[in-house]
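Colleague: Structure incoming, see below.
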Amino acid sequence: MQINRRQILQGATALAGAATLGQPAFAQANPLQVGFIYVGPVGDFGWSTMHDVGRKRLEEVMGAAVKTTAVEAVAANDMERVATQLARQGHRLIFTTSFSFFQPTMRVAPTLPNVFFESATGTQTAANVSLYNARFYEGRYVQGVIAARKSKSKTIGYIASFPVPEVVHAINTVMRGAWSVDPSMKIRVVWVNAWFNPGREADAARALIDQGCDVICAHTDSPAPLQLANERGVFGFGQASDMTRFAPKAHLTSSVNNWGDYYVERAKAVIDGSWKPGDVWGGLNSGMFRLAPFTNMTPEEASEAERVRDALSTGRLHPFDGPLTRADGTVAVPAGGRATDDQIRAMNYFYRGIDVALPS
Amino acid sequence: MTMFEAILLTIITASTPLLIGAIGQLVCERSGVLNLGMEGMMIMGAACGFAAAILSGNSYVGVLAAILAGMAMSLIFAVLTLGLAANQVASGLALSIFGLGLSGVIGAPFVGAKRDQMAKLDLPVLTDIPLIGKALFGQDPFVYASFALVIGVWWFLARTKSGLVLRACGENHASAHALGYPVLKIRLLAILFGGGCAGLAGAYLSLVYTPFWSPGMTAGRGWIALAIVVFASWLPWRVLAGAYLFGGITILQLHAQGAGVKIPSQFMAALPYLVTILVLVIIMSRRGGQQAAPASLGTPFVPDR
């Protein structure tokens, strides 16, 4: 009880100090406490691991000016409690690193007005809530191009987590990339209703491969699908971190996240008092993610993938240029147009040609 | 390999950890002890098994380490519930949480380490049986072990005197005690058996199912194994049926999704649970609502009373 009370008092003091001072001098005397809330275990070797790599980068760059705390494997319905507790302990900047945390973040943020929140993906900002995300779809487009070159069965298998726009537009973009090479490409999708469940992810990969898919894309966090692709002699892509070593024969490329620079930037903003709610959506050119070296590809295939990647990076190629037609045949974006960021982030339909049930 | 074989193979893979975990838990519960620490014991088995396999380079050393880890975890539970007559539900829940945390610490140096899947053990001649041969007899040793465990546990409980004594402890520990049977010792052995099986199930996850270590990788399978024991109304053959029913529907719904069946995926994901509950209801209604649980299940036993 006493420990708790002391912690609360410390937190209250820090908050009071923050409210009245909020100056660099204060920050130097007391390091800025930065909290990180992860949706998965820090050792998932994927999404959460890479956020933790970013956290370590923050500590490395900022040294004694920051003090970080990470809470891993937090369920979405428990996030508000964790955030409140971090705030009480004096954390003034909290990164809530999952789309599943966006709604809880929006609920808890007004109750903790002295804390700055940074939600990794989301749909709107608030007075003390920023959004940050990377345009992973650019990597998905490259995956589609590569998959179309590597697939003999002309069928991509996609292990999807939840039917949220982030996943839906990724599936669309993979196919856009694949169709740019071969319009006859098909996709099969299995929803596993989890971000992290290695066993079920592997089961999904087995099912897809048994049904003739020979390139596996995963939108979940563990290396299990890629490892299984390796075992079964088909190809796959790594997710969030460079997963080459899990599948030396199957790995084509991985989308490798890099949050560290952003974390440094935002912590500095809090310390010098310039933090404002922002909405950052960084593409390949922002450095927020990169593609791991292309492996198991012929030089021609690799150079094509590089060309596509560079075109996306420089903006010469945009995956959401019209015409975009919904599965039901209606036009979402006419020819000559381009989907806006808001449209991309709210995408709740598959393109025509993707014959997959979209859970509602 | 035909589609039928492929699906059967995947179902076996998905069902085996549930079966191994549940059959161990069944013995434990038949002796009158409810150990909700299944998830914690299982994941400790996964972590220690993987760690030992990496360090020794031998999968069988990993398996042994996993069994020992599961037993060590269950020993903690035994000390609390048998030695101190603590509440079994609370102790079991604590064990689950403890195991999830401790396994993360033990496994931390092994995150990202890679191992090849444990070698399969083909049974000659039998693998040539059409359709099911390859799927049933071209498996890893765990699958054979799981079937052997079901047969062994059935034989032990139904056909041996020791099995009868164990059941007596579960049905009425005071009577068993009055007859001069060492209730606590029998329960200790049953708990250790349950722990060993949970550890073995964990080893299956980290050495065969998805051969790497990742914290939380059991993803609730321990709880499902617990539920299967209830589903099976504490009978070994029904544990087999329950594990394969659950595993089978889990895999079939993934295949149905991949094949483009237009049913919401959330419903598909819930299907294994729905069907299991439905079957349970049918079984129970046929039994006329008869109470199937061991009568002393979950009740602490203090010898001197």
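The values are calculated or read from the model by the stated rules, or taken from the named source; none is laboratory data. Bear in mind the structure is a predicted one, so any value in this text is a computation, not a measurement. Backbone-built Cβ (ideal geometry, glycine too); neighbour counts: all protein chains shown.
Colleague: Scan segment A:250-258 and tell me whether some residue there is under 24 Å from residue A:60 (Cα atoms), surrounded by fewer than 22 Cβ atoms within 10 Å (Cβ to Cβ), over 19 Å from the mean Cα position of the chain (by Cα) and not basic (Lys, Arg).
Modeller: Initial filter on segment A:250-258 (under 24 Å from residue A:60 (Cα atoms)): A:255-258.
Now drop any that are not surrounded by fewer than 22 Cβ atoms within 10 Å (Cβ to Cβ), which leaves A:256, A:258.
Narrowing further to those that are over 19 Å from the mean Cα position of the chain (by Cα): none.
No, because not a single residue in segment A:250-258 is under 24 Å from residue A:60 (Cα atoms), surrounded by fewer than 22 Cβ atoms within 10 Å (Cβ to Cβ), over 19 Å from the mean Cα position of the chain (by Cα) and not basic (Lys, Arg).
Colleague: Pairs under 7 Å by beta carbon, first residue farther than 10 Å from residue B:41 by Cβ in segment B:71-83, partner basic (Lys, Arg), six or more apart or different chains?
Modeller: B:82/B:187
To keep it simple, each residue is scored yes or no on (1) crowded, with 20+ Cβ neighbours inside 10 Å; (2) farther than 27 Å from residue A:41 by Cβ; (3) out of contact with any strand residue (DSSP E or B) (no Cβ under 7 Å at 6 or more places or on another chain).
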| position | (1), (2), (3) |
| --- | --- |
| B:26 | yes, yes, yes |
| B:45 | yes, no, yes |
| B:53 | yes, no, yes |
| B:84 | no, yes, yes |
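Colleague: Only helices (runs of 4 or more DSSP H) wholly contained in segment A:258-360 count here; list those with 2 or more residues that are at pLDDT 95 or above.
Modeller: A:260-271, A:299-314
Colleague: Looking for something in a helix (DSSP H, G or I), closer than 30 Å to residue B:132 by Cα, modelled with pLDDT under 95 and not basic (Lys, Arg) - is there at least one such residue anywhere in segment B:18-25?
Modeller: No, segment B:18-25 contains no residue that is in a helix (DSSP H, G or I), closer than 30 Å to residue B:132 by Cα, modelled with pLDDT under 95 and not basic (Lys, Arg).
Condition check ((1) away from every other protein chain (no Cβ under 14 Å); (2) in contact with a Phe, Trp or Tyr (Cβ under 6 Å, 6 or more places away or on another chain); (3) closer than 18 Å to residue A:275 by Cβ; (4) surrounded by fewer than 19 Cβ atoms within 10 Å (Cβ to Cβ)) across all residues:
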site: A:64; (1), (2), (3), (4): yes, no, no, yes
site: A:108; (1), (2), (3), (4): yes, no, yes, no
site: A:112; (1), (2), (3), (4): yes, no, yes, no
site: A:116; (1), (2), (3), (4): yes, yes, yes, no
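Colleague: Still on this structure, I have one more. Considering segment B:202-223 alone, what residues qualify as being crowded, with 24+ Cβ neighbours inside 10 Å, assigned to a helix (DSSP H, G or I) and within 11 Å of chain A (Cβ to nearest Cβ)?
Modeller: Matches in segment B:202-223: B:204, B:205, B:206, B:209, B:221.
Colleague: Here is a further query. Would you confirm whether any residue within segment A:328-337 is touching a helix residue (DSSP H, G or I) at 6+ places or on another chain (Cβ under 8 Å) and either touching a residue at least 24 places away in the same chain (Cβ under 8 Å) or at negative phi (or both)? Give the steps one after another, and end with the answer.
Modeller: Our first condition is that a residue be touching a helix residue (DSSP H, G or I) at 6+ places or on another chain (Cβ under 8 Å); within segment A:328-337, this holds for A:332-333.
This time we only want the ones that are either touching a residue at least 24 places away in the same chain (Cβ under 8 Å) or at negative phi (or both), so: A:332-333.
Checking segment A:328-337: at least one residue is touching a helix residue (DSSP H, G or I) at 6+ places or on another chain (Cβ under 8 Å) and either touching a residue at least 24 places away in the same chain (Cβ under 8 Å) or at negative phi (or both).
Colleague: Let me ask another. Only one of B:289, B:260 is part of a loop (DSSP other than H, G, I, E, B), within 14 Å of chain A (Cβ to nearest Cβ) and modelled with pLDDT under 85; which?
Modeller: Details: B:289 fails: within 14 Å of chain A (Cβ to nearest Cβ).
Answer to the selection: B:260.
Colleague: Consider residue A:294 against the criteria (1) within 25 Å of residue A:351 (Cα to Cα); (2) more than 19 Å from the chain's Cα centre (by Cα); (3) surrounded by 18 or more Cβ atoms within 10 Å (Cβ to Cβ): it satisfies all of them except one. Which criterion is unmet?
Modeller: For residue A:294, the exception is condition (1).
Colleague: In segment B:99-113, what residues are surrounded by fewer than 18 Cβ atoms within 10 Å (Cβ to Cβ) and not aliphatic (A, V, I, L, M)?
Modeller: The answer is B:101, B:109, B:112.
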